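Here is the structure we will look at.
The values are calculated or read from the model by the stated rules, or taken from the named source; none is laboratory data. Just so it is clear, the structure is predicted and the values come from calculations on it, not from any experiment. Positions of Cβ are generated from backbone atoms using ideal geometry, with glycine treated the same way; all protein chains shown enter the neighbour counts.
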Amino acid sequence: MKKQLQAVIGLGFWALAGLSAARADEAPALPEATDQFLECLSIAEDQRQSDPDPKMQAHWAQYSDIYGANIYAQTQSIQLIFDNIQAKFDKWTNMRRFIPAQSVNNLALAVLNKCDEKALSAMVPLDPYRDALDAYLKARPAAAPAQ
């Protein structure tokens, strides 16, 4: 059983490595800290949207703001978040397909812990991010209604 599990994890790793290599050709690399906060933002948003408990949704919304504010403080760009977040969502979705859930959860916790350490070491104000996000969302054209 252990060898089978290792084989599945190994296949998942190589599948993800292939996905990462393919994506590496598509866009320029983000700075490491920005990329890491983007990972955490995608995890927090996924949890916020999927958790049925309103208290946990509020918890994840707070962390989402913290991670987003850190990205914004580094880049001064809300567009960068929207340009890159889907790839992060896709990465975690693919990991869940190929790797056992507990392994993915452990990895997510490790990633979140790193972001939390960075966020706590240099507190970033949330209001500039929230204001920029609100302005960005208001400026976006509304989606066309389905016919």
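A few remarks follow.
- Within the range 82-116, the residues that satisfy the criterion of being in contact with a Leu (Cβ under 7 Å, 6 or more places away or on another chain) and either without any contact (Cβ under 8 Å) to a residue 12 or more places away in the chain or aliphatic (A, V, I, L, M) (or both) are 85, 95.
- When residues in the range 32-60 are screened for being over 22 Å from residue 96 (Cα atoms) and free of Cβ contacts under 8 Å to residues at least 60 places away in the same chain, 6 of them pass.
- Scanning the range 119-135 for residues being surrounded by fewer than 16 Cβ atoms within 10 Å (Cβ to Cβ), modelled with pLDDT under 95 and under 19 Å from the mean Cα position of the chain (by Cα) gives a total of 1.
- Some residue of the range 101-116 being farther than 21 Å from residue 135 by Cβ, touching a Lys or Arg at 6+ places or on another chain (Cβ under 6 Å), at pLDDT 95 or above and surrounded by 12 or more Cβ atoms within 10 Å (Cβ to Cβ): no
- Set 71, 66: member being assigned to a helix (DSSP H, G or I), among the aliphatic types (A, V, I, L, M), at pLDDT 95 or above and in contact with a Ser or Thr (Cβ under 8 Å, 6 or more places away or on another chain): 71
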